[in-house]
Amino acid sequence: ALVLTLIARGAIEGAVPAFLFSANVAGSGKTNLVTIAAKIANGRPPAFDGYHDEDAEMEKRLSAVAITGDLLLLLDNAANGSSIGCPALDRAIMADGVFRARILGRTEMTPLVPWRTVIAITGNNLGTRSDALRRFVPSFLISPMERPETRDPASFAITKETGLTLSEYVLLKRPQLVADA
């Protein structure tokens with residue numbers, strides 16, 4: 001769903017949902033999933049920032065993203081067990097093509113700026129605050145391993161079949177993957 005949303009974003013006039021990737025343990029591949037989706041959709045990794053649960057701080061981060069016009073913002077590694085959601089994040093997710101925020105250090109607002117950014121948030125054992133869940137496409141990764149980051153990438157099917165890492169494979173096959181999407 002994230003790949004399709006990123007590829008189709010230019011044709012979608014209104015708001016799109018955000019994407020929430022949560023897992024039961026660290027190292028399960030949440031950030032990698034978002035990064036691979038970004039590489040399929042636009043050939044490069046997403047813009048990265050950290051998730052912050054304070055509304056004023058989140059508004060600053062989202063304002064900067066609105067001005068730069070990033071296609072995908074990854075708010076990575078929310079604190080374990082966090083409840084995701086705040087008014088600024090809700091406004092950005094529901095933005096109907098434009099976003100406005102307070103200018104840092106001033107008591108003024110930015111002019112309306114285009115908002116086409118798709119938001120993805122990663123973390124472990126995440127929940128949502130208030131009614132934020134309806135604004136997300138949630139994905140929950142469950143690993144039976146205590147330390148999944150210790151897996152050997154050479155044993156992954158894609159590497160065995162092609163000799164390439166997943167990232168290398170995606171960049172090599174990107175035109176076909178986009179056409180398939």
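Filtering the stretch 19-61 down to residues that are free of Cβ contacts under 8 Å to residues at least 40 places away in the same chain and touching an Asp or Glu at 6+ places or on another chain (Cβ under 9 Å), which residue is most open to solvent (accessible area, probe 1.4 Å)?
Looking at residues that are free of Cβ contacts under 8 Å to residues at least 40 places away in the same chain and touching an Asp or Glu at 6+ places or on another chain (Cβ under 9 Å), I get Phe48.
Does the stretch 18-59 hold any residues that are under 17 Å from Leu126 (Cβ atoms) and touching a helix residue (DSSP H, G or I) at 6+ places or on another chain (Cβ under 6 Å), and which are they?
Matches in the stretch 18-59: Ala18, Phe19, Phe21, Ala23, Gly27, Ser28, Asp49, His52, Met58.
Being at pLDDT below 95, of a type in the set (Phe, Trp, Tyr) and closer than 21 Å to Val3 by Cα, is that true of even one residue in the stretch 30-49?
Yes, the stretch 30-49 contains at least one residue that is at pLDDT below 95, of a type in the set (Phe, Trp, Tyr) and closer than 21 Å to Val3 by Cα.
Could you tell me whether the stretch 10-29 includes any residue that is modelled with pLDDT under 95 and among the charged types (D, E, K, R)?
Within the stretch 10-29 (the criterion being modelled with pLDDT under 95 and among the charged types (D, E, K, R)), the answer is yes, since at least one residue qualifies.
Restricting the search to the stretch 146-179, which residues are over 13 Å from Ala41 (Cα atoms) and of a type in the set (Lys, Arg)?
Arg147, Arg151, Lys160 - these are the residues of the stretch 146-179 that are over 13 Å from Ala41 (Cα atoms) and of a type in the set (Lys, Arg).
Suppose we filter the stretch 21-44 for residues that are closer than 28 Å to Arg100 by Cβ and either assigned to a loop (DSSP other than H, G, I, E, B) or among the polar types (S, T, N, Q) (or both); how many remain?
Looking only at that region, the number is 2.
Being outside any loop (DSSP other than H, G, I, E, B), in contact with a His (Cβ under 9 Å, 6 or more places away or on another chain) and among the basic types (Lys, Arg) is the requirement here; does Arg61 meet it?
Against the criterion (outside any loop (DSSP other than H, G, I, E, B), in contact with a His (Cβ under 9 Å, 6 or more places away or on another chain) and among the basic types (Lys, Arg)), Arg61 qualifies.
The values are calculated or read from the model by the stated rules, or taken from the named source; none is laboratory data. Please read all numbers here as calculations on a predicted model, not as lab measurements. In this analysis, Cβ positions are derived from the backbone assuming ideal geometry, glycine residues included, and neighbour counts consider all displayed protein chains. Accessible surface areas use protein heavy atoms only, side chains included; no ligands, DNA or RNA. Shrake-Rupley method; radii C 1.70, N 1.55, O 1.52, S 1.80 Å.
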